[in-house]
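What follows is a set of notes on a single structure, which appears directly below.
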Amino acid sequence: MTAADVRGCDPGDGRISTPSAARAPAWSADATTRPAQSLPPTQSLPPLDPDRAPTEPDWSEVVEHFREGFVVCDAAGVVRHLSPVAARLLPEITVGELLVAAGITALTGSDDRTDRTDLTHHDRRLRVRRVPLSGRRCCWYVEDVTESVSRADALLAERARSAFLATTGEKLGNPLHPDRAAAATVRLAVPALGDVAVLVLAPRTGRVRWWRAARVDDDVPAVDSGILGVTDLPPAIDEGLAGTEPHAVDWLVDQAAEAGWLPGLAVPDVCARLVPLPGRGAPAGVLLVARRATRRYDEDDVELLRAFASRAGAALTSAALYRDQAEVADTLQASLLPVEPAEAAGVQWGTAYRPAQAGLRIGGDFYGSHPLPDGGSLFYLGDVSGKGVEAAVFTGQLRQCLQALHRVEYHPARLLRLLNDALLETTLANGQGRFATMVLGVVRPHRDGTLTLTMAGGGHLPPLLVRASGAVEPVPLSGMLIGVVPDPRIGEVTVTLAPGETCLLYSDGVTEARGGRRGDELFGVDRLVHAISGCHRMPAPALAERIEQVTSDWLAHGDHDDIAVLAMRAVGAVARGPRHLHAVPDLTAPAPIPQPSGPGRPDRRTYRP
């Protein structure tokens with residue numbers, strides 16, 4: 001028998017009786033005046049044992065085990081029937097008295113509604129519903145749903161925690177800098193974990209950086225940060241940075257308040273927790289959360305805080321590792337980037353550089369110059385095999401060799417052979433098997449404004465001369481690769497630039513750029529010559545930029561090799577300083593200052609010009 005069977009029987013008709021008078025007061029107000037009646041049979045029953053007399057079921061005992069209790073009221077609202085379950089759940093209700101006298105607001109409806117209502121009564125969660133009966137009577141069904149609601153609430157809370165941690169993993173997976181990761185951490189912690197969240201990063205260079213998110217009056221959390229000295233940290237933070245989670249939490253609030261981290265919160269009404277954030281070997285920081293004491297931290301809250309801290313610690317550790325690697329990469333890239341040529345008398349330099357991998361900023365092409373003692377300049381442009389980081393490292397080695405060798409030899413052909421021997425020794429020792437092409441030369445200015453260029457070729461593309469008439473002439477320069485054989489054939493040529501003329505060096509990333517209509521046609525030397533023809537009035541920087549631009553337009557965002565351009569333009573007469581004949585003293589100058597002389601040292605006299 002189920003509760004539905006009892007509802008169908010209309011308990012208000014008194015068809016359910018009690019076998020004893022002792023149960024009557026708790027069950028029905030008029031149970032003793034009505035004859036006991038049995039439910040009509042719904043199907044034929046098997047014959048009973050002849051030795052046993054037929055028995056009538058004790059319906060009150062059956063109803064007592066229903067999940068739902070029920071209260072039946074007459075048209076005047078007087079309680080006529082009260083099941084044992086309802087009497088246990090609602091002890092204020094008395095049979096024979098008005099239902100409203102019990103003072104239970106959820107059971108005072110008198111309309112014909114049949115909706116459900118949940119209420120908390122005597123620390124139990126009850127669900128009641130009203131069902132109208134005949135004769136303007138009604139029946140209130142009452143069910144104890146405390147355990148089911150608790151399970152549902154626990155399930156919803158677990159789903160909310162899982163969703164929060166999933167959001168945390170998503171949000172903290174993007175920041176690649178510790179400061180941004182710290183700001184995202186405290187922003188996520190409020191209000192999910194507390195009204196205030198303070199993240200203190202691990203000490204670095206004697207100082208500690210902290211981040212805080214605080215919510216006051218349900219506003220959007222405000223994020224700020226600050227710096228403290230290591231000696232100014234609260235003791236709880238020191239303990240957390242040592243990897244220990246404090247067990248005594250009463251004094252956390254006082255220390256956080258003294259540090260000024262609890263804006264808008266009164267110390268007596270606040271509870272707090274602190275957990276370390278796991279890192280590499282040592283905590284990446286500590287997280288302090290605080291909120292009003294009306295929502296104290298239970299064990300589930302602390303477990304959620306620890307799970308959040310573990311994810312935040314992983315994000316901070318990854319961000320710190322990325323920052324360190326980025327700093328190393330920036331330092332190395334800065335040392336491997338091409339160096340702008342040094343200023344030289346009578347020479348205007350122009351450069352352009354575009355690596356194959358733009359994200360790295362470095363590649364296998366290089367250029368530069370070094371001033372010489374006689375007033376000239378050593379210049380070079382080259383291309384190493386491969387591209388990317390490995391090519392850039394090999395380029396750095398080659399530049400370092402040039403930096404050292406040009407101090408002992410700056411004749412182009414002889415210097416290129418010395419460089420070849422040095423690269424052979426390096427590549428054989430490291431087993432790299434790399435090589436390079438290069439044009440290396442010396443430019444010397446003259447008083448008439450012309451430049452003399454002596455260039456040596458090591459398997460590189462021949463330079464181009466842009467004459468004052470606008471015509472473009474290739475330089476017949478050839479040679480073998482550098483770093484392949486012990487005694488390579490090195491070509492050498494000397495050219496002269498009149499004022500306004502330019503010598504152009506470029507890498508194969510220009511001529512071998514693939515583009516055009518189908519995207520696979522080489523740019524070639526002919527297109528390069530056509531692009532710079534008539535550009536004799538362009539300054540050297542503008543000419544180099546033009547070559548890089550037309551090459552990029554030809555590529556149309558396609559893949560390409562490293563591109564490097566070095567232009568040298570003769571800019572006119574070399575500036576001369578004032579000439580002074582020391583043999584003819586200046587009569588307007590003051591008397592000469594005698595200088596001390598020693599044995600074998602002639603007297604010196606200094607004249608002011």
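Scan segment 541-548 and tell me whether some residue there is of a type in the set (D, E) and part of a helix (DSSP H, G or I).
Restricting attention to segment 541-548, the residues satisfying the condition of being of a type in the set (D, E) are 545, 548.
Retained after the next criterion (residues that are part of a helix (DSSP H, G or I)): 545, 548.
Yes, the conditions are met somewhere in segment 541-548.
Kindly check whether there is at least one residue in segment 203-219 that is in a strand (DSSP E or B), among the charged types (D, E, K, R) and modelled with pLDDT under 90. Steps first, please.
Of all residues in segment 203-219, those in a strand (DSSP E or B) come to 204, 207-214.
Keeping just the survivors that are among the charged types (D, E, K, R) gives 204, 207, 209, 212.
This time we only want the ones that are modelled with pLDDT under 90, so: 204, 207.
Yes, because at least one residue in segment 203-219 is in a strand (DSSP E or B), among the charged types (D, E, K, R) and modelled with pLDDT under 90.
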Original post:
Is there a residue being within 25 Å of E239 (Cα to Cα) and under 16 Å from the mean Cα position of the chain (by Cα) anywhere in segment 197-208?
Top reply: no
**OP:** Determine which member of the set A53, A75, A101 is modelled with pLDDT of 90 or more, exposed (fewer than 15 other Cβ atoms within 10 Å of the Cβ), more than 60 Å from the chain's Cα centre (by Cα) and not in a helix (DSSP H, G or I).
**Re:** A75
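Conditions (1) touching a residue at least 60 places away in the same chain (Cβ under 8 Å); (2) assigned to a helix (DSSP H, G or I); (3) not small (G, A, S), marked per residue:
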residue: T294; (1), (2), (3): no, yes, yes
residue: A307; (1), (2), (3): yes, yes, no
residue: A334; (1), (2), (3): no, yes, no
residue: F366; (1), (2), (3): yes, no, yes
Original post:
Restricting the first residue to segment 151-164 and requiring it to be not assigned by TED's automatic domain parsing to the domain that holds R125, which pairs with a second residue that is part of a helix (DSSP H, G or I) and among the aliphatic types (A, V, I, L, M) meet a Cβ separation below 7 Å and a spacing of at least six or different chains?
Top reply: R161/L304; F164/A192
Original post:
Can you name the condition, by its number, that S335 falls short on among (1) among the polar types (S, T, N, Q); (2) surrounded by fewer than 18 Cβ atoms within 10 Å (Cβ to Cβ); (3) in the same structural domain as S162 (by TED's automatic domain parsing)?
Top reply: (3)
Subject >> strands (runs of 3 or more DSSP E) lying entirely in segment 415-503 (those with 2 or more residues that are among the small types (G, A, S), outside the structural domain of I547 (by TED's automatic domain parsing) and touching a Phe, Trp or Tyr at 6+ places or on another chain (Cβ under 7 Å)) >> reply: none
Original post:
Do we have V286 as within 28 Å of D219 (Cβ to Cβ), in the same structural domain as A184 (by TED's automatic domain parsing) and more than 21 Å from the chain's Cα centre (by Cα) here?
Top reply: no
Subject >> Of residues in segment 387-410 being surrounded by 16 or more Cβ atoms within 10 Å (Cβ to Cβ) and part of a loop (DSSP other than H, G, I, E, B), the one farthest from the chain's Cα centre (by Cα) >> reply: Y410
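Identify the residue in segment 526-546 that is free of Cβ contacts under 8 Å to residues at least 40 places away in the same chain and surrounded by fewer than 16 Cβ atoms within 10 Å (Cβ to Cβ) and, among all such residues, is farthest from P474 (Cα to Cα). Step through it out loud before you land on a result.
Applying the first criterion (free of Cβ contacts under 8 Å to residues at least 40 places away in the same chain) to segment 526-546 yields 526-527, 530-531, 537-538, 546.
If we keep only those that are surrounded by fewer than 16 Cβ atoms within 10 Å (Cβ to Cβ) as well, we get 526, 530, 537.
Numbers: D526: 11, H530: 13, R537: 18 Å.
My answer is R537.
Take the residues in segment 232-267 that are among the β-branched types (V, I, T) and closer than 25 Å to R280 by Cβ, then tell me which one is modelled with the highest pLDDT. Break it down into steps so the answer makes sense when it comes.
Here is the first cut: in segment 232-267, the ones among the β-branched types (V, I, T) are 237, 244, 249, 253, 267.
Adding the requirement that they be closer than 25 Å to R280 by Cβ leaves 237, 244.
Working: I237: 90, T244: 84.
Among residues in segment 232-267 that are among the β-branched types (V, I, T) and closer than 25 Å to R280 by Cβ, the one modelled with the highest pLDDT is I237.
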Original post:
Which condition does R130 not pass, out of (1) in a strand (DSSP E or B); (2) out of contact with any Cys (no Cβ under 7 Å at 6 or more places or on another chain); (3) of a type outside the set (D, E), if it passes all the others?
Top reply: (2)
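Could you grab me the full set of residues in segment 558-594 that are at pLDDT 70 or above, closer than 30 Å to G515 by Cβ and assigned to a loop (DSSP other than H, G, I, E, B)?
So in segment 558-594, the residues at pLDDT 70 or above come out as 559-572.
Those still in the list that are closer than 30 Å to G515 by Cβ too: 559-569.
Correct list: D559, H560, D561, D562.
Pick out the one residue from P355, P341 that is farther than 30 Å from L165 by Cα, surrounded by 15 or more Cβ atoms within 10 Å (Cβ to Cβ), in contact (Cβ under 8 Å) with a residue 60 or more places away in the chain and in contact with an Asp or Glu (Cβ under 8 Å, 6 or more places away or on another chain). Don't jump to the end; show me each part of the working.
Values: P341 fails: in contact with an Asp or Glu (Cβ under 8 Å, 6 or more places away or on another chain).
The match here is P355.
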Original post:
Which condition does V186 not pass, out of (1) modelled with pLDDT of 90 or more; (2) part of a loop (DSSP other than H, G, I, E, B), if it passes all the others?
Top reply: (2)
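The values are calculated or read from the model by the stated rules, or taken from the named source; none is laboratory data. Everything numeric here is computed off the predicted structure, so don't read it as measured data. Glycine gets a Cβ as well: all are built from the backbone with ideal geometry, and neighbour counts include every protein chain shown.
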